[in-house]
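The values are calculated or read from the model by the stated rules, or taken from the named source; none is laboratory data. Just so we're clear, the structure is a prediction, and the values are computed from it rather than from any experiment. Cβ atoms come from the backbone with ideal geometry, glycine included; neighbour counts cover every protein chain shown.
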Amino acid sequence: MKKARPDRSLHPVIFLFITALGIGRAVTSPAQENDSLAVKRCATMKAYHFGLKRLPFAADPLQAVNEKITSHIENKRKLRMADSDVIRIPVVVHVIHDRESGSIGGRGNPNISEEQIRSQIRILNEDYRRVQGTPGYNENPVGVDTEIEFFLAEFTPDGAQSDGITRNYYKAKTQFNPYTDAATLAGIVSWPADQYLNIWVCTLSGNYLGVAQFPSLSGVPGLDNADADKALTDGVIIDYRSFGDVGALENANYNQGRTTTHEVGHWLGLLHIWGDARCGDDYCADTPWAETSNSTSCNEVFSSCRGTATRNMIENYMDYSPDRCMNVFTFNQMERMHAVLELSPRRAALVENSRKARLEESAGLLVSVYPNPVADGQLKAEIRYKGYQDINLAIIDMNGRKVGSSSYRKVWSRIFTEYVGNLSRGIYLLVVTNENGEKASRRFIVN
């Protein structure tokens, strides 16, 4: 927390999806504004307050959440507890589109290409890991590698292999309201939020680019982890025209994928850098006080929140600056995100579930197969390698003919399952090649 809070009410920026309950008086949604208005970076602040109007609580849920996060961080500091490893978060991208033909890609088509989707995952990793040689790198003295990574889910909730992308034709609506349609999107498709980060990509109304759901904690009315509706809608929603840095992009200020970086920051518990009030508090001491958000320029901006003009951190991902300006998460922001991943039951379960699905990496390519002989048609291959790579599998018979193959894009070391029940009895080779050109083979028998 910053050393002192201003004497004005705090308006944190978080999205509370309270849409399916149908409780309370009717409230006009601000997202019903004319679509000819200027692009709006983020809907989380207004969506949060819109939710409170529909179902008011005696106390601000976010205040309780912020106090719990701050207390957790302070206790870790006292105990000198450090995070031990990089956290890897499985992502499922739900593409919601109205193309009856199923056509993929192209300007004006919300059924975006796989290339566009994968570009966004790359950008998340560049930004959250502060990768050198990319737009996500910075030399800011308070800039950090957050030690959080993202990857497209490799398995569906029922255990089938997956590319982490779902495509969903929906003709009832062509645009989705960022304040009221979270439940609609979740009704179309939602994967368990304690196993995946759900990202819905669609056409948003009101010229909004994105919105996120704040993490729920146990025992906080309004943001209680026990709320089943929040579990279904947990994730972020991004307009397809600002997702990634290739494909169906339309706005020159928001075409480098930083909308998703920003909204995932909210999903991880970060507030806007100006605290959503004049000189408001974002609970991070190493982000400067700011009178308001930045907008469409990368020019320096100054604020006088404490009697002396200080420079705003317009390059912070939690400002509203154009994508090209952004490249900083700070140490205190990293602390806050890691605290949320420990405190929020769904976030903590997601991290633990992602660890179960992975194998420890190795310096070189290592392969083992079992059961051997294969009796039930399922060959399992335990494959380890360095990092996050493309992997190709080929099955070769004793005459040197390729009788089967599979390819996997950007996956971690894990157990791969290949169906070999259609092969004749005999001896075969499983040949594994990774993107670094390493190759390994193992012999197996089909009975």
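Just wondering, is there one or more residues in segment 137-150 that are on the phi > 0 side of the Ramachandran plot, under 16 Å from the mean Cα position of the chain (by Cα) and surrounded by fewer than 22 Cβ atoms within 10 Å (Cβ to Cβ)?
Yes: one or more hits.
If you take the residues in segment 315-327 that are hydrophobic (A, V, I, L, M, F, W, C) and crowded, with 24+ Cβ neighbours inside 10 Å, which one is nearest to G257 (Cα to Cα)?
Among residues in segment 315-327 that are hydrophobic (A, V, I, L, M, F, W, C) and crowded, with 24+ Cβ neighbours inside 10 Å, the one nearest to G257 (Cα to Cα) is M326.
If we keep just the residues of segment 151-161 that are surrounded by fewer than 18 Cβ atoms within 10 Å (Cβ to Cβ) and in contact (Cβ under 8 Å) with a residue 40 or more places away in the chain, which is farthest from I391 (Cα to Cα)?
Restricting to residues being surrounded by fewer than 18 Cβ atoms within 10 Å (Cβ to Cβ) and in contact (Cβ under 8 Å) with a residue 40 or more places away in the chain, the top hit is F155.
Given the criterion under 25 Å from R355 (Cβ atoms) and within 15 Å of the chain's Cα centre (by Cα), identify the matching residue among G257, G265, G210.
After applying the criteria, what remains is G265.
Filter segment 373-397 down to residues that are of a type in the set (D, E, K, R) and more than 32 Å from the chain's Cα centre (by Cα) and give me whichever is nearest to V420 (Cα to Cα).
D376
In this structure, is R118 among the basic types (K, R), in contact with a strand residue (DSSP E or B) (Cβ under 8 Å, 6 or more places away or on another chain) and closer than 15 Å to R167 by Cβ?
Yes; evaluated as a whole, the condition is true for this residue.
Would you call G275 assigned by TED's automatic domain parsing to the domain that holds K40, among the small types (G, A, S) and without any contact (Cβ under 8 Å) to a residue 40 or more places away in the chain?
Considered against the rule, which asks whether it is assigned by TED's automatic domain parsing to the domain that holds K40, among the small types (G, A, S) and without any contact (Cβ under 8 Å) to a residue 40 or more places away in the chain, G275 comes out as no.
Checking L359 against (1) more than 30 Å from T70 (Cα to Cα); (2) hydrophobic (A, V, I, L, M, F, W, C); (3) under 23 Å from the mean Cα position of the chain (by Cα); (4) buried (at least 20 other Cβ atoms within 10 Å of the Cβ), which single condition isn't satisfied?
(4)
Which numbered condition trips up V351, out of (1) touching a residue at least 60 places away in the same chain (Cβ under 8 Å); (2) over 24 Å from E74 (Cα atoms); (3) surrounded by fewer than 21 Cβ atoms within 10 Å (Cβ to Cβ); (4) among the hydrophobic types (A, V, I, L, M, F, W, C)?
For V351, the failing item is (2).
Out of all the residues in segment 225-254, which are under 20 Å from C325 (Cα atoms), aliphatic (A, V, I, L, M) and over 16 Å from the mean Cα position of the chain (by Cα)?
V246, L249, A252
Do we have any residue at all in segment 166-181 that's over 24 Å from D239 (Cα atoms) and of a type outside the set (S, T, Y)?
Taking every residue of segment 166-181 in turn, none turns out to be over 24 Å from D239 (Cα atoms) and of a type outside the set (S, T, Y).
Can we say P215 is modelled with pLDDT under 95, within 20 Å of V91 (Cβ to Cβ) and either outside any helix (DSSP H, G or I) or more than 15 Å from the chain's Cα centre (by Cα) (or both)?
Answer is yes for this residue.
Could you list, in sequence order, the residues of segment 290-345 that are acidic (D, E) and in contact with a strand residue (DSSP E or B) (Cβ under 9 Å, 6 or more places away or on another chain)?
Across segment 290-345, the qualifying residues are E291, E300, E315.
Mind listing just one residue for me: the one in segment 167-199 that is among the aromatic types (F, W, Y) and out of contact with any helix residue (DSSP H, G or I) (no Cβ under 8 Å at 6 or more places or on another chain) and, of those, surrounded by the fewest Cβ atoms within 10 Å (Cβ to Cβ)?
Y169
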